[in-house]
1. Considering each residue of region 44-69, count those that are among the aliphatic types (A, V, I, L, M), more than 11 Å from the chain's Cα centre (by Cα) and part of a loop (DSSP other than H, G, I, E, B), and give that number.
2. Can you tell me how many residues within region 1-46 are touching a helix residue (DSSP H, G or I) at 6+ places or on another chain (Cβ under 7 Å) and charged (D, E, K, R)?
3. Taking only pairs six or more apart or across chains, which ones have beta-carbon atoms under 9 Å, a first residue in region 18-43 that is over 16 Å from ASN4 (Cβ atoms) and assigned to a loop (DSSP other than H, G, I, E, B), and a second residue that is open to solvent by less than 50 Å² (accessible area, probe 1.4 Å) and of a type in the set (Gly, Ala, Ser)?
4. Which residues, taken from region 15-69, are of a type in the set (A, V, I, L, M) and open to solvent by 70 Å² or more (accessible area, probe 1.4 Å)?
5. State whether one or more residues within region 3-10 are hydrophobic (A, V, I, L, M, F, W, C), free of Cβ contacts under 8 Å to residues at least 40 places away in the same chain and open to solvent by 100 Å² or more (accessible area, probe 1.4 Å).
Amino acid sequence: RHLNYTRAAEELNITQPAVSQHIQYLQNYYGVQIFPYRNKQLTLTPEGERLRRAALAMLYDEEKLKRDV
């Protein structure tokens, strides 16, 4: 959402290095690059966009499940 590790860390109340570690873990786990830098800007790869959409779907499904139960 932010395309900025520092802003994401602030929103999540964790450190910027922790955000970097989580992103690195996801990239290693899925074997893809998620956020490359292009022209000094953080961007989202097509694989990263697919992961983002899947994560949002899981979040919405979990919220719906919580309401339904």
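The values are calculated or read from the model by the stated rules, or taken from the named source; none is laboratory data. The structure displayed is predicted, hence computed values, not measured ones. Quick reminder, even Gly has a Cβ in these numbers, built from the backbone with ideal geometry, and neighbours come from all protein chains shown. Each accessible area value is taken on the protein alone, full model and side chains, heavy atoms only, with ligands, DNA and RNA left out. Shrake-Rupley method; radii C 1.70, N 1.55, O 1.52, S 1.80 Å.
1. First pass over region 44-69, keeping only residues among the aliphatic types (A, V, I, L, M): 44, 51, 54-59, 65, 69.
With more than 11 Å from the chain's Cα centre (by Cα) added as a condition, the list becomes 57-59, 65, 69.
This time we only want the ones that are part of a loop (DSSP other than H, G, I, E, B), so: 69.
Number of matching residues: 1.
2. Matching residues across region 1-46 total 0.
3. That search, which allows pairs on different chains as well, returns VAL32/GLY48; GLN33/GLY48.
4. Selection gives MET58, LEU59, LEU65, VAL69.
5. The initial filter retains those residues of region 3-10 that are hydrophobic (A, V, I, L, M, F, W, C), namely 3, 8-9.
Now narrow it down to the ones that are free of Cβ contacts under 8 Å to residues at least 40 places away in the same chain: 8-9.
Then keep just the ones that are open to solvent by 100 Å² or more (accessible area, probe 1.4 Å); that gives none.
No, the conditions are met nowhere in region 3-10.
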